[in-house]
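See below for the structure under consideration.
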Protein chains: 2
Amino acid sequence: MNFDNIRIVLVGPLYGGNVGSVCRAMANMGMSDLAVVRERELDMEEARKMACHARGILDGRCEYDSLEAAVGRCGMVWGTSARTGLYRQHARTPRGWAKQILEDSSRGRVALVFGREDKGLSNEELSLCSRIIQIPTSDEYSSLNLSQAVMVCCYEVFAASEVYEGPEEKSPLAESELKERMFAMWREHLLRIGFMESDKAGHMMQGFRRIMGRGAVTEDDVRIMMGMVRQSEWAVDNLVDKDGRAGEA
Amino acid sequence: MNFDNIRIVLVGPLYGGNVGSVCRAMANMGMSDLAVVRERELDMEEARKMACHARGILDGRCEYDSLEAAVGRCGMVWGTSARTGLYRQHARTPRGWAKQILEDSSRGRVALVFGREDKGLSNEELSLCSRIIQIPTSDEYSSLNLSQAVMVCCYEVFAASEVYEGPEEKSPLAESELKERMFAMWREHLLRIGFMESDKAGHMMQGFRRIMGRGAVTEDDVRIMMGMVRQSEWAVDNLVDKDGRAGEA
């Protein structure tokens, strides 16, 4: 899986820093094709600073005079819009579109288009987009920073690709037999050190079992809990002097 | 649903601009409780600039001398880590944790902790976190900008809350009867204007039906397609002069 067919298009960005941050977000999510519809000079020093290790994307960007030119070779074009109104009812969230973006990009180049920081995309520009993306936000503040909007969209496409294999717990779940051996060791120890009387042992152990049952318990976890109780037993036998204070072994 | 119990903690941020961007991302996703573990002076002018309309969050932040103090009143603490190693196998993605974060925050305050831009959280700091979040990224560039990392986590929690009601297509799907009436009008018109011969009509109309079948077709869509063909019929009757060129009605 690669994302070479997914082009990120920025229309008339105002701030070089945002363009740089967009590059970094793209790199984080495995994308690399950036197109800029240039309407003004950008602060490239600021752009390079924010791009960090994604300067290759910044330097490799394509520049165009119009959105029409930037998406001319794209088979499907998504536009982003925070606005309510004209196109709203046809919009979907980035997660709602992600699988479709992947599918269409497997058949040719597609574009995700982001508007100016202050006024987004014009209606004319939105009409060049077959499909509209609307990022879910709080009602109180729906305008995202440009690079944050790009991140959310790229992140959703990346997540939908299932390229990323999450970390995995290596230790298997502890089976009941093993866990019961551990509970038996603790029961004996807690009785011996006088943490509980034998007539309360069932009740107290139920509490301990509940604590250990809040989440999954792995074999590694059981080994640690067994190690703790074994060492406590050893300490009782070897370290505690007559006054009950720890002494030299 | 509110997110008042979800505290965002920044440990030793280096750049005011990032702190401001974090505030904006939080506001976009309906969060407001920001804590900063301060290790140096921050450029507050830059912070206010990047916070935009989320200055209230910036001004309302709590400052602490240590992570221990910042999460002291939190019932559950998630730490973010990009690193492989010690804690990796226990980490989950933001999406993997989102429901749990919501559930736990309904029972008390919880914290999502983000480390320094250059070196993240120390092992000692991570040990204060019961749970580890790892953001999925490309293998080639796994280090996110601080505010982008906050955005991805807050966005996932916001999305999991299902607070956001996406835009909805208001027009119902067109039923077959209505669509067939439209196809019949187009068939008649395309025959009349000589777009197809009657022996090819079935084949040509099949192509047209396929185009119209690529996606959902609503009643509004059918009304537009019927309006177009009706006007074309009218134009043929009224506008075309003997030479076949458009003239005055």
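Laboratory data are not the source of any read-out in this text; all were calculated from the coordinates shown. Predicted model only: the values in this text are computed from it and were never measured. Glycine also receives a Cβ, built like all others from the backbone with ideal geometry; neighbour counts cover every protein chain displayed.
Could you give the nm distance between label points at A:Asp199 and B:Asp4, where each point is 7 Å from its Cα heading toward the beta carbon?
The two pseudo-label positions are separated by 4.8 nm.
How long is the gain from A:Ser142 to A:Leu14 if the chain were fully straight, where each residue apart is worth 0.36 nm and the alpha carbon distance is subtracted?
Numbers: separation 128, 0.36 × 128 = 46.08 nm, distance 1.92 nm.
Between A:Ser142 and A:Leu14, full extension yields 44.2 nm more.
Could you give the angle, 0 to 90 degrees to the nearest 10, between helix B:176-192's Cα long axis and the longest principal axis of the Cα atoms of chain B?
The helix B:176-192 is inclined about 50 degrees to chain B.
What's the exposure ranking of A:Trp78, B:Trp97, going from fewest to most Cβ atoms within 10 Å? Walk me through the numbers on the way to the answer.
Details: A:Trp78 26, B:Trp97 22.
The order, fewest Cβ neighbours first, is B:Trp97, A:Trp78.
Each residue of the stretch A:39-45 in order: what ³J(HN,Hα) in whole Hz does its phi give by Karplus 6.51 cos²θ - 1.76 cosθ + 1.60, θ = phi - 60°, with x for Gly and Pro?
10, 6, 5, 10, 6, 6, 5
If each label sits 7 angstrom from Cα along the C-beta direction, how far apart, in nm, is B:Glu63 from its counterparts in the other copies?
Taking the point 7 Å beyond Cα along Cα→Cβ, the inter-copy spacings are 4.1 nm.
Whose amide H sits under 5 Å from the amide H of A:Ile135, counting only residues 5 or more places off or on another chain, with H placed in the peptide plane?
A:Ser81
Amide H neighbours of A:Tyr64 under 5 Å, counting only residues 5+ apart in sequence or on other chains, H built in-plane at 1.01 Å?
Amide H neighbours of A:Tyr64, under 5 Å, 5+ apart: A:Val36, A:Val37, A:Arg38.
What ranking do A:18-30, A:177-189, A:199-211, B:44-56 get when scored by the average of other Cβ atoms within 10 Å per residue, highest first? Could you put the intermediate results ahead of the total?
Values: A:18-30: 27.4, A:177-189: 15.5, A:199-211: 11.5, B:44-56: 17.5.
Taking the mean over residues of other Cβ atoms within 10 Å, the ranking is A:18-30, B:44-56, A:177-189, A:199-211.
Would you mind giving the mean number of other chain beta-carbons within 10 Å of the Cβ of each residue in A:49-59, as a whole number? Spell out each step's value before the answer.
Details: counts 0, 2, 0, 5, 3, 2, 0, 0, 1, 0, 0.
Per-residue shielding by partner chains comes out at 1.
Within 14 Å, Cβ to Cβ, of A:Met182, how many net charges do the neighbouring residues add up to if Lys/Arg are +1 and Asp/Glu are -1?
Numbers: positive: A:Lys179, A:Arg181, A:Arg187, A:Arg209, A:Arg223, A:Arg230; negative: A:Glu175, A:Glu177, A:Glu180, A:Glu188, A:Glu219, A:Asp220, A:Asp221, A:Glu233.
Around A:Met182, the charge tally is -2.
Sort B:217-230, A:144-157, B:123-136 for me by packing, meaning the mean count of neighbouring Cβ atoms within 10 Å per residue, highest on top.
A:144-157, B:123-136, B:217-230
Taking A:Lys119 as the anchor, which lysines have their alpha carbon closer than 19 Å to its alpha carbon, excluding any fewer than eight residues away along the same chain?
The qualifying lysines are B:Lys49.
Determine the shape class of the stretch B:6-161: with a ≥ b ≥ c the square roots of the Cα gyration tensor eigenvalues, call it rounded for a/c under 1.5, and otherwise prolate if a/b is greater than b/c, oblate otherwise.
Working: a/c = 1.34, a/b = 1.23, b/c = 1.08.
The shape class here is rounded.
To the nearest 20 debye, what is the magnitude of the charge dipole of chain B about its Cα centre, counting +1 on the Cβ of each Lys and Arg and -1 on the Cβ of each Asp and Glu? Walk me through the intermediate numbers first.
Values: 32 positive and 38 negative charges, 93 e Å.
Computed charge dipole of chain B: roughly 440 debye.
Given the rule -39500 (n - 2.57) for each run of at least 4 DSSP H residues, summed and divided by the residues of chain A, what is its mean residue ellipticity at 222 nm, to the nearest 500 deg cm²/dmol? Walk me through the intermediate numbers first.
Details: 10 runs with 112 residues, N = 249.
It comes out at -13500 deg cm²/dmol, rounded to the nearest 500.
Over all residues in B:134-146, what is the mean tally of Cβ atoms on other chains that come within 10 Å of each residue's Cβ?
Details: counts 3, 4, 12, 7, 12, 3, 6, 11, 2, 5, 8, 10, 0.
Taking the mean over all residues of the peptide, I get 6.
Once you sort the root eigenvalues of the Cα gyration tensor of the stretch B:176-238 as a ≥ b ≥ c, which label holds: rounded (a/c under 1.5), prolate (a/b larger than b/c) or oblate (the other case)?
Oblate is the answer for the stretch B:176-238, as a/c is 1.5 or above yet b/c matches or exceeds a/b.
Taking only Cα atoms, what is the 0 to 90° angle, nearest 10, from helix B:201-212's long axis to the longest principal axis of chain B?
Once rounded, the angle reads 20 degrees.
Please give the FRET efficiency for A:Arg107 paired with A:Leu173, using the beta carbon to beta carbon distance and R0 = 45 Å, rounded to the nearest 0.05. Don't skip to the answer; put the middle values down first.
Values: r = 43 Å, r/R0 = 0.95.
Once rounded, the FRET efficiency stands at 0.60.
Using amide H atoms built in the peptide plane, which far-off residues or other-chain residues are under 5 Å from B:Asp33 H to H?
Residues meeting the criterion, in which the H sits 1.01 Å from N, are B:Ile8.
Averaged across B:165-177, how many Cβ atoms of other chains sit within 10 Å of each residue's Cβ atom?
Details: counts 1, 8, 12, 4, 4, 3, 2, 0, 0, 0, 0, 0, 0.
Mean inter-chain Cβ contacts per residue within 10 Å come to 3.
Would any residue of the stretch A:143-185 have its amide N under 13 Å from a label point 7 Å out along Cα→Cβ of A:Ile224? List them or say none.
A:170-171
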